[in-house]
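The values are calculated or read from the model by the stated rules, or taken from the named source; none is laboratory data. These numbers were taken from a predicted model, which means no experiment stands behind them. Cβ coordinates were reconstructed from backbone atoms using ideal geometry, including for glycine residues, and neighbour counts include every protein chain displayed.
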Amino acid sequence: MIAERVGVTTATVSLALRNDPQISLARREEIQCVARELGYHPHALVSSLMSHIRQAKPPPQRTGLLYLVSGPKPIPGEPGNTPDICFRGAAEQAALRGFHLQPFWIRQPGLTDQRIKAILRSRRIPGVIVGPREDDLPLPTLPWETLSSVMISHSYKEPKLDRVFCNFFNSTCLAVAHLGSNAPTQARLILPRQHDRNVHHLWTACYRQEQATRTYLQDPLIIDSPAEAVCWVKAHPKVTVLGTNLVLEWLEAAGLRLGHNFQFVSLNVENRSDLTGIRESSWEVGAEAAEMVVGRIHLNRTGVPKSPHITLIEPTWQQGDR
């Protein structure tokens, strides 16, 4: 249809849609304009297959997907933490669907938006999973219109992709419910400000709701430095602290002893069997993200969706040794 509209051969159209320099820029732009008018969208899997056929190579057994890693390290976190568990869940699920998921460090020195786009194009990457945010930097500008993409968590406000994450609101509800059977004299939610932001303030929102009926819950403490948490816990012995494991590290580094100076309920126990608190089901979150990306690829759904979907994975409770 495009060839007939422009008055060229289908081979010329094929080259123009791939931006092949054999076709003049003016002709490429004309053909691409007509393609847009007619609603043409390339299918990622078919494009990858045809690329290998043109190169006289056997088609790949696995199509590559990228898992975008932020933060100071080029791997999805240290073994056992949440980003690593999400990645492993995503990688295993992707493999079951015939895809190979690779971590891609978006903070690599010298890596520009243009360089990332070139890598995506040269590798013919059909889809990406945006991993949990590990720093305060923005997400690179990617050619989302050509990608089937899913984001894990609330980490980045833009672009508004389909997302999958733990039901953080219910995490706090579950934690407080387990306190209810043996309510402490005082309990307080203590969070680093970045962690509060990363979950879109959902832990705090549920905690505020629970405060209305549970008088032992003190106002949440959202902090920028360990000193605030340490000072308050020292002034309130035997208090129960709800928070992330970083808060626990801060308190123990200050010489406070879990079980002696305070009790602790973790909002994400991660891979620590000794802690009592919430298990976020991070493996399941990663697996669902991979399933969603593969589904979008098979349906040839690329770009930023007009009505983004959010998939919530329910947390579970873990009774630890401490």
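Residue-wise test of (1) under 28 Å from residue 201 (Cβ atoms); (2) buried (at least 20 other Cβ atoms within 10 Å of the Cβ); (3) within 15 Å of the chain's Cα centre (by Cα).
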{"residue": "85", "(1), (2), (3)": "yes, yes, yes"}
{"residue": "112", "(1), (2), (3)": "no, no, no"}
{"residue": "132", "(1), (2), (3)": "yes, yes, yes"}
{"residue": "144", "(1), (2), (3)": "yes, no, no"}
{"residue": "157", "(1), (2), (3)": "yes, no, yes"}
{"residue": "160", "(1), (2), (3)": "yes, no, yes"}
{"residue": "168", "(1), (2), (3)": "yes, yes, yes"}
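Return yes when residue 245 is of a type outside the set (Lys, Arg), touching a helix residue (DSSP H, G or I) at 6+ places or on another chain (Cβ under 7 Å), closer than 23 Å to residue 87 by Cβ and not assigned by TED's automatic domain parsing to the domain that holds residue 86 and no when it is not. Taking the combined requirement at face value, the residue does not satisfy it.
Condition test on residue 304, is it surrounded by 14 or more Cβ atoms within 10 Å (Cβ to Cβ), touching a helix residue (DSSP H, G or I) at 6+ places or on another chain (Cβ under 6 Å) and assigned by TED's automatic domain parsing to the domain that holds residue 141? Yes, satisfied. Among the residues that make up segment 106-123, is at least one of them touching a helix residue (DSSP H, G or I) at 6+ places or on another chain (Cβ under 9 Å), part of a loop (DSSP other than H, G, I, E, B), within 29 Å of residue 299 (Cβ to Cβ) and not assigned by TED's automatic domain parsing to the domain that holds residue 194? Within segment 106-123, one or more residues are touching a helix residue (DSSP H, G or I) at 6+ places or on another chain (Cβ under 9 Å), part of a loop (DSSP other than H, G, I, E, B), within 29 Å of residue 299 (Cβ to Cβ) and not assigned by TED's automatic domain parsing to the domain that holds residue 194. In the condition set (1) buried (at least 21 other Cβ atoms within 10 Å of the Cβ); (2) aliphatic (A, V, I, L, M); (3) in the same structural domain as residue 173 (by TED's automatic domain parsing); (4) farther than 25 Å from residue 180 by Cβ, residue 239 is compliant with all but (4).
Of all residues in segment 286-309, those satisfying the criterion of being out of contact with any Leu (no Cβ under 7 Å at 6 or more places or on another chain) and within 30 Å of residue 273 (Cβ to Cβ) are 286, 287, 288, 289, 291, 292. In the set (1) touching a Pro at 6+ places or on another chain (Cβ under 8 Å); (2) closer than 21 Å to residue 281 by Cα; (3) not aliphatic (A, V, I, L, M), residue 188 fails one condition alone, (2). Note on segment 199-233: residues that are closer than 30 Å to residue 163 by Cβ and crowded, with 16+ Cβ neighbours inside 10 Å amount to 16.
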